[in-house]
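Q: Have a look at this one before I ask anything.
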Amino acid sequence: MRARPRCRGVLLDLDDTLYPQAAFLAAAWDAVAAAGPAPLRAPLRAALDEVCAQGSDRGRIVDRALERLQIADRELAAELVGVFRAFRPALLDPHPGVAERLARLAGAVPLVVLTDGNPPQQRAKLAATGLAPLLPQVVCTDELPGGRAARKPAPDGFRRALELLGRAPGEVLMVGDRPDKDVAGAARLGIPVIRVRQGEYRQQADTGAESASLATAAEALDLVLEAL
């Protein structure tokens, strides 16, 4: 990692950084498919996986899965989208080593989770990981004045996180997995970023703006601990 002042606060992405998002999506698609008509459940479940594999943040996954099955039923689509939005996971295992390292960090510096998405669902994900007691400060970008426009890499969430940390950009570290969101957004504000190459976007190339790029969240958090 490039030489820098000692770390006095940490921003943390949630999905695929602290836990594997694929586990959440699999459970959510199970719930969506189970809510459909009985003859449709198995093909719908397969279609949801196929569409989601093209990019989980491309939108209209339920609608596109139904289109793949040549089902034009707006009422059913709306019902199934509602099931997805209402889904709350019971248990999500953090990536190996994350809980232990976050416990050490939480005792040393302030931490903030910075995440995009449906705020109640994002908070439910965090609760399901068991990490919420270590991470009481959460910035859900959709709750900011800009709404969805405030999602990373927009600066709004990063600035709010810095306010909660009570730190300047050069005093903190950002840990996240997405080059186009976590790295790009933090780097624009002068926040050093440790990229985690795991999850859906692990194959995307580094941008060059990272202070470090590591294979796992545990390695990234070890580097943060060294910077304290």
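FYI, it's all coordinate maths here, none of it is from the lab. Predicted model, so just to flag it, every value in this text is computed and none were measured. Positions of Cβ are generated from backbone atoms using ideal geometry, with glycine treated the same way; all protein chains shown enter the neighbour counts.
Q: What FRET efficiency would be calculated for the residue pair residue 206, residue 100, taking the C-beta separation as r and a Förster radius of 30 Å, to the nearest 0.05?
A: On the way: r = 27 Å, r/R0 = 0.89.
Between residue 206 and residue 100 the formula returns 0.65.
Q: For the range 82-93, what does the Karplus curve 6.51 cos²θ - 1.76 cosθ + 1.60, with θ = phi - 60°, yield as ³J(HN,Hα) per residue in whole Hz, taken in order and with x for Gly and Pro?
A: Taking θ as phi minus 60°, the curve returns x, 5, 4, 5, 8, 5, 10, x, 7, 8, 9, 6 Hz for the range 82-93.
Q: Taking the Cα centre of each part, how many Å lie between the range 160-189 and the range 98-113?
A: First find each Cα centre; the distance between them is then 16 Å.
Q: Report the FRET efficiency, 1/(1 + (r/R0)^6), for residue 188 and residue 93, where r is their Cβ-Cβ distance and R0 is 30 Å, rounded to 0.05. Could you put the intermediate results ahead of the total?
A: Working: r = 33 Å, r/R0 = 1.09.
Efficiency, from the Cβ-Cβ distance: 0.40.
Q: How large is ³J(HN,Hα) for each residue in the range 14-20, as worked out from phi by the Karplus curve 6.51 cos²θ - 1.76 cosθ + 1.60 (θ = phi - 60°), to whole Hz, x for Gly and Pro?
A: Whole-Hz 3J(HN,Hα) from phi for the range 14-20: 9, 5, 6, 9, 8, 8, x.
Q: How many angstrom separate the Cα center of the range 23-95 from the Cα center of the range 121-149?
A: 22
Q: Moving on to the next point. Test of understanding: what is the full-extension gain from residue 60 to residue 222, defined as 0.36 nm times their sequence separation minus their Cα-Cα distance?
A: Using 0.36 nm per residue and subtracting the Cα-Cα distance, I get 54.6 nm.
Q: If you take semi-axes √(5λ) of the Cα gyration tensor in Å from the coordinates, which of [x] 30, 18, 15; [y] 34, 17, 16; [z] 22, 22, 18 do you get?
A: [y]
Q: Can you list the residues, at least 5 places off or on another chain, whose amide H is less than 5 Å from the amide H of residue 177, using H built in the peptide plane?
A: 196
Q: Same structure, new question: Quick check on packing: order 119-132, 90-103 by the mean number of other C-beta atoms within 10 Å, highest mean leading. Show your work: numbers first, answer last.
A: Values: 119-132: 18.6, 90-103: 15.6.
The most tightly packed comes first, giving 119-132, 90-103.
Q: Also, I was wondering about something else. Quickly work out the residue 118-to-residue 132 label distance, labels modelled 7 Å from Cα along the C-beta direction, and quote it in nm with one decimal.
A: 1.6
Q: Pop out the ³J(HN,Hα) list for the range 196-207 in order, Karplus 6.51 cos²θ - 1.76 cosθ + 1.60 with θ = phi - 60°, rounded to Hz; leave Gly and Pro as x.
A: 10, 8, 9, x, 4, 9, 5, 7, 5, 5, 5, 8
Q: Can you list the residues, at least 5 places off or on another chain, whose amide H is less than 5 Å from the amide H of residue 139, using H built in the peptide plane?
A: Residues meeting the amide H criterion: 113, 114, 115.
Q: For a quick check: with amide H placed at 1.01 Å from N, whose amide H comes under 5 Å from residue 7's, ignoring anything fewer than 5 positions away on the same chain?
A: Here 228 satisfy the definition.
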